[in-house]
Amino acid sequence: MKLRIGKRQAERIEEWLGEHRPEAPMLFTEELQHVFTVLCERSDAGIGWPTARRPTLRRILMPRTENHVYFQLDDDGKTVYVLSIWGGPRGTTPKL
């Protein structure tokens, strides 16, 4: 399975965590890599998080950094599109 993601969003989170959590500088990167592996191996990963515009939207939690990865599969189920990586502690969800 292929994975498509906008790298800038992940880079911004990684930079912020590097500045504010220097005791674990690689935690976000390692946890995100694990999530990407899971997404590429299991099309049923995460939980359904449908919206009016995206009825097949799903999300998966990165438990240690408390970020949610919002994603969707393409119609043929061969590509995972990561639409957002969003901090769970914000108390809101991204506008997708």
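The values are calculated or read from the model by the stated rules, or taken from the named source; none is laboratory data. Only a predicted model underlies this, so the values are computations on that prediction, with no experimental measurement involved. Quick reminder, even Gly has a Cβ in these numbers, built from the backbone with ideal geometry, and neighbours come from all protein chains shown.
If only one of 88, 18, 6 is small (Gly, Ala, Ser) and without any contact (Cβ under 8 Å) to a residue 12 or more places away in the chain, which one is it?
On the way: 88 fails: without any contact (Cβ under 8 Å) to a residue 12 or more places away in the chain; 6 fails: without any contact (Cβ under 8 Å) to a residue 12 or more places away in the chain.
After applying the criteria, what remains is 18.
With the structure loaded, tell me whether residue 45 is among the hydrophobic types (A, V, I, L, M, F, W, C) and assigned to a loop (DSSP other than H, G, I, E, B) or whether it fails that test.
Values: among the hydrophobic types (A, V, I, L, M, F, W, C): yes; assigned to a loop (DSSP other than H, G, I, E, B): yes.
Yes: the conditions hold for residue 45.
Working only within the range 6-17, note down all residues that are at pLDDT 80 or above and over 14 Å from residue 67 (Cα atoms). Walk me through how you get there before you give the answer.
Step one: filter the range 6-17 for residues at pLDDT 80 or above, giving 8, 10-16.
Selection gives 8, 15.
Table: residues versus (1) over 14 Å from the mean Cα position of the chain (by Cα); (2) surrounded by 10 or more Cβ atoms within 10 Å (Cβ to Cβ); (3) part of a strand (DSSP E or B).
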site	(1), (2), (3)
50	yes, yes, no
59	no, yes, yes
64	no, yes, no
72	no, yes, yes
83	no, yes, yes
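Can you pull out the residues in the range 1-23 that are outside any helix (DSSP H, G or I) and either surrounded by 16 or more Cβ atoms within 10 Å (Cβ to Cβ) or in contact with a Leu (Cβ under 8 Å, 6 or more places away or on another chain) (or both)?
To start, the set of residues in the range 1-23 that are outside any helix (DSSP H, G or I) comprises 1-6, 21-23.
The answer is 1, 3, 5, 21.
Report, by residue number, each residue of the range 36-86 that is out of contact with any Lys or Arg (no Cβ under 8 Å at 6 or more places or on another chain), polar (S, T, N, Q) and farther than 26 Å from residue 16 by Cα.
Hits for the range 36-86 are 43, 51, 56.
Please work out which one of (1) charged (D, E, K, R); (2) at pLDDT below 85; (3) surrounded by 12 or more Cβ atoms within 10 Å (Cβ to Cβ) is the condition residue 31 fails and give its number.
Of everything listed in (1) charged (D, E, K, R); (2) at pLDDT below 85; (3) surrounded by 12 or more Cβ atoms within 10 Å (Cβ to Cβ), residue 31 misses just condition (2).
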